Amino acid sequence: MTEDHSELNLCPNCSKENLPMATRCVHCGSDMEALFTIFGQPQIPEEEAEESLPDIIEEIRNDPSLQTPSEEPPSPELVPANRIDESILDSEQLPDWLAKVRERAQGEEDAIGDLASGTMAMDAARNEEASAGVEGEFNAWINRIREKSQQENSVRARQLPSENEEPDQVPEWLQRIRALRPRPEEDITHEVKTGPTYADDLPREWTDEALQELRRQALSEDQEQETEPLLSASASTEDEETPVEPELEAASEPVQEESGSIEEDFHNIPEDEDAYFVPVPVEDLNQFTEVEEDSVVGGTQEEPATGEIESPEQEPGQDTPELAEIQTEEVVPEEAIVEPEASENPEQTELESVPVEVEDETKTGVEEQEEEPEEEQPTDSAAVPPDLLLLRDQQDRASLLASLIEQEGRVTAGKQAVRKPSGKAGRLALALLLLIGLIVSMLIGPSPMPTDALKSMPALALGDQIQTLAENDKVLVVLDYQAATSRELEALAAPMLDKLHVQGVQLSFLTTQPSGLFLAQSLLAQAELPENTLVEYLPGSYLNLIGWAVNPAISATGDDLLRAKNLYPFRLVLLVSDSSDNIRGWLEQIAPWIESLNFAAITTQMEAPVLSPYFDSGQLEGYAAGIADGNIGMQSTFSYRAYRVGLLLMLVMLLLGMISKGEEDAIRKEEERAE
Amino acid sequence: MKRALPLIAGILSGLVVLAAMFFVPQSGGILAMVLNWVIIVAGVALLVAIASLVLTHLRFIARGKKGFLLSLVLVISFLATLMFGLIRGVDDPVFLKWVGAVIRPIETALLGLVALIMMSAAMKIFRERGWSALTVSFGVSAVIFLILGLGFLQNLNIPVLTEVIRLVETLPMIGARGLLIGIGIGLLMMAFRVLFGMEGSGND
């Protein structure tokens, strides 16, 4: 594998060998773009190429093999091999005998023969494969150059922090290397990334034999200036190895001495390699010195991180341990420089073997490097062409991958979802409070209405009005309510009727609703009145009584259809109604015509506020509304506990609606703030 | 002419009742007669409404319209009650007991559902209407009067608190006065519209 040779270019500055694809001298760093060549392509001077360009174009135009099929004569017998023969026939450089032979072969179909046809087909196939290989190698080489230029840019960015250090504390060689070299971990990444671009039949790792053979060939060809095409794989591999080589130059003598004790274990280059020393390129030293700097500052903790970054880039087929060894090789020498005693550790011993290996590889350049003045080495690399830089999306992806790897295993704030107030705890608390209130109200609170409870003013007035009634006083009771409210009204009216009956008051019952006929039975039963008590139905409600109220003479003449039509004998009209409108009708349409008639009402809690102005104006002697005023008499038809439970439920539901609305607003504000 | 006759009848009725109110002793008979007409017309209208209701549901049953079973229940219950009342009389205690035993629980249950709906509305009003002057005033007043309705504060017998409670309890009366004044003004405007032939119902 190492027999593949590359055409080496000589540096115009230091006259040292460089690979043909190198744009800068690996020894002195000078610009070699003028000597740039592509593998497998002969190096042509620029002027010569420019002069021969019209000829090449003319030749291409005249070449029948490159013409379009439409321009060719329709000859189905011709094959691509024949086209090549035609182009050759046109050339004037062919000898006469060969031209004649080919002309004859073209005229005769079987002149070529099966063997020649097969050979020609194989040659065509090989040419296609070779062209494809060249393109692949060229692309790989371009990628490597771009990555290397990126490394150089990153080195410039890192030069500022290193300048802050005091020059006295840092060795001169280290300052020089820091000024020139990029960080090695980036170079490691570069190596891994470019590995997969190799051709399948090319070597991916340098063996001892390969390195030895390469150096021998380099020395032998140094004088001859002969260039042979070298596969891009070997060139790229050498380029990948070069960053490790400067370690010796940068590590100075102590490193070489320290690593000399382990040299035997890891020496993979023959002993006579000292004669093949090649000057170490200064630029490649950066890759090692950056690791040294990092290891001095941050210790060896960054090594695993480098390995983490590298590991995803490896191909399955690639040898991972070797790569890890290469990575650690570039980091460990710093420890060997700072703490040479630490090499007793077995792990470090293994790691320290790498500088020895690198030392052996680069020993050949020590002598020549000593001869060269240090001032000749460029302090910084030249400006990188823009087309060699990495694309922005590639940089973004690389930085994203690095950040992901760094954050692996950590608990970051971004992973924590924004906690929204669920409100379940508040609702649960409200539900518990509701249950507790219900239980307390049903078990602890009094069942009947407490007798000492405060009464409303209308209820007190009604009680006083009832107390003023004497025996044989006539009281008209008007039943004007529906079955739905019968429980509430009967609970208030029944005790009062019972009390009036006890007082000897004459009660007359009148209903304005058809349903009042059967509702009156229930009321009479609760009031313990006689079952044969007459309850008259008055169609049209109070409208039916307006005429008699307006003209008492008509009432006096008598109308036996309704005994209660004449309202004048009654002292009190007790309206038991669930409609404030009907009560207002009685007060507004009947009461003005009969001044001696008093009106009182028993109504629901819902209708009571409407009656309050009539009580305030004196049109109503008093009224009792709802269960709150039920302590006028002895009520046994309703439970005071149930009444309180109902109020509590209503109160809790109302508060729950307010709280849920407030919670919704808070959540919305939280979301808006988050957005 | 169709529009003029109801309009004239309405105007004359209003003027007669209004004049009768001012000339009470002399117009008492006329006022009673007019009001009796009103009661008779209202009774006839109720019969017409009952007949229309029964006929409509009979039509539903005959067409087999969706929900005709409910119509069937209505017609059957109506006919049974009518026949029972005609045979036994509206004053019969058994008849009244049976009717009351059916109507009372039904209407009480409906009123209980109204209470539940009001509770649900009290909970949703803030979500649906948001925070506005109407909803906030409603919620605050409801909470205050619900707490007062429990009677705990009244039983504390704190003089200052009792006065405050009495002051708070007068607030509904103020609102009721405003409501009654509004009702009176509305009735007055309605009467003027009828008297001057501006009421839309007379145009139909």
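Odds and ends about this structure:
- Per residue of peptide B:150-163, the mean number of Cβ atoms on other chains within 10 Å of the residue Cβ is 2.
- Per residue accessible area in Å² of segment A:469-528, where ligands, DNA and RNA are left out and the probe is 1.4 Å: 32 Å²
- The residues of chain B expose on average 69 square angstrom of accessible surface per residue, using a 1.4 Å probe on protein heavy atoms.
- Once the Cβ-Cβ distance of B:Ser13 and B:Leu153 is raised to the sixth power relative to R0 = 56 Å, the FRET efficiency obtained is 0.60.
- Residue by residue along A:577-585, Cβ atoms of other protein chains within 10 Å of the local Cβ number 1 on average.
- Calculated over segment A:457-496: convex hull of Cα atoms, volume per residue (Å³): 85 Å³
- Chain B against chain A buries an accessible area of about 4500 Å², both chains summed, 1.4 Å probe radius.
- Across chain B, the mean sequence separation of Cα contacts (distance under 8 Å, 6 or more residues apart), normalised by length, yields a relative contact order of 33 percent.
- Applying 1/(1 + (r/R0)^6) with R0 = 22 Å to the Cβ-Cβ distance of B:Ser52 and B:Met21 gives a FRET efficiency near 0.05.
- Of the chymotrypsin sites (Phe, Trp or Tyr not before Pro) in segment B:133-204, the ones in a loop by DSSP (not H, G, I, E or B) with at most 13 other beta carbons within 10 Å are B:Phe196.
- Minimum 40 Å² accessible area buried by the other protein chains, segment B:103-139 residues, probe 1.4 Å, relative to alone: B:Arg104, B:Glu107, B:Leu111, B:Met119, B:Met123, B:Phe126, B:Arg127, B:Trp131
- Peptides A:591-603, A:456-468 ranked from most to least packed give A:591-603, A:456-468, packing being the mean of other C-beta atoms within 10 angstrom over each peptide's residues.
- The mean number of partner chain beta-carbon atoms within 10 angstrom of a residue's beta-carbon across peptide A:526-539 is 1.
- Rounded to the nearest 0.05, the FRET efficiency derived from the C-beta distance between A:Gln395 and A:Gln175 at R0 = 30 Å is 0.55.
- Inter-site label distance for B:Ala109 and A:Glu406 at 7 Å from Cα along Cβ, in nm: 7.3 nm
- Extended-chain gain in nm, criterion 0.36 nm per residue less alpha-carbon gap, A:Arg216 and A:Arg673: 157.3 nm
- The helix-only estimate of mean residue ellipticity at 222 nm for chain B, built from DSSP H runs of length n ≥ 4 each weighted as -39500 (n - 2.57), is -30000 deg cm²/dmol after division by the residue total.
- Selected from B:Leu5, B:Met189, B:Ile147, residue furthest toward positive end of dipole (chain B; charges at beta carbon): B:Leu5
The values are calculated or read from the model by the stated rules, or taken from the named source; none is laboratory data. All figures in this text were calculated on a predicted structure; none of them were measured in a lab. For neighbour counting, all protein chains shown are included, and Cβ atoms are generated from backbone atoms with ideal geometry for every residue, glycine included. What goes into the accessible areas is simple: the full protein's heavy atoms, side chains included, and nothing from ligands, DNA or RNA. Shrake-Rupley method; radii C 1.70, N 1.55, O 1.52, S 1.80 Å.
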